[in-house]
Amino acid sequence: MYTAQGKIDQDLLLEQHFPAVRRQALALQVKLPASIELDDLIQAGMVGLLDALRRFDPQAGASFATFASQRIRGAMIDELRSRDWLPRSVRRNARQLDQCIHALEQRLGRAPQEREIASAMGMSLADYRQLLNDTNNGQLLPFEDIVAEWGEPEAGSDGPPSPFNALQDDEQRQRLKRAIDALPEREKLLIALYYQEELNLKEIGVVLGVTESRVCQLHSQAVSRLRARLAE
């Protein structure tokens, strides 16, 4: 890992950690629209790896592999956010969807059904499902959104978080857990299969007995419900 002069051998580290970049890119790609190229994710991940090489401090106590993994994934997420591929009208409709679901849950005291949401938004069921498809195609993972909102761990430190940060993290996890528990059963199962079991959309469709397109719609709707509850 080090040259004869005692410096980090960057070429060797790049070669050693390239497989890790590719693995992270593959894991992320299956959760994204088909238009996202694997090579683009790998390129962004390599930028993150180079950034990790520049910033890594061996005296900080963290292993380079742990530090680099955070930088690699962060660079991929930043690349996806920077593309901003959703049209402004779709983003506006997505915000209206979150607000509509929140208002209906407050009024009904339960998770609203699709037809109820579509009716409240003044849409046909077909148009509503198309909106779900549109928003899902530009959506990052909701858990990544939570990380972005609450902040990522300080780079270069795998020590325990401060008591305040630990409490904050635990409170957010509990809020997320309660929001997931409140989802309709099919959407709750979808979230578990997608984020815990890490099945892709096609595999989830087989489990649920629906098409891959329908899985996308249900995923988008579940994420909107979660955002509505976490915004309370």
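The values are calculated or read from the model by the stated rules, or taken from the named source; none is laboratory data. Source: prediction; values computed, not measured. Glycine also receives a Cβ, built like all others from the backbone with ideal geometry; neighbour counts cover every protein chain displayed. Please note that ligands, DNA and RNA were not included when accessible areas were found on the heavy atoms of the full protein model with its side chains. Shrake-Rupley method; radii C 1.70, N 1.55, O 1.52, S 1.80 Å.
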Review point. Among Thr211, Thr66, what's the order by accessible area (1.4 angstrom probe), most exposed first?
Key: Thr211, Thr66
Check your understanding: Rank Val47, Val210 by accessible area, highest first, at a 1.4 Å probe radius?
Key -> Val47, Val210
Practice item. Using θ = phi - 60° and the Karplus relation 6.51 cos²θ - 1.76 cosθ + 1.60, list the HN-Hα couplings for the stretch 111-128 in order, rounded to whole Hz, with x at every Gly or Pro. Key: 6, x, 7, 4, 5, 5, 5, 4, 5, 5, 8, x, 10, 6, 4, 5, 5, 5
Review point. Using the Cβ atoms and a cut-off under 15 Å, what net charge is assigned to the surroundings of Gln217, where Lys and Arg are +1 and Asp and Glu are -1?
Key: +1
Review point. In square angstrom, rounded to the nearest 10, how much accessible surface does Glu185 have for a 1.4 Å probe?
Key: 130 Å²
Review point. Sorted by accessible area with a 1.4 angstrom probe, largest first, how do Leu132, Leu176 fall?
Key: Leu176, Leu132
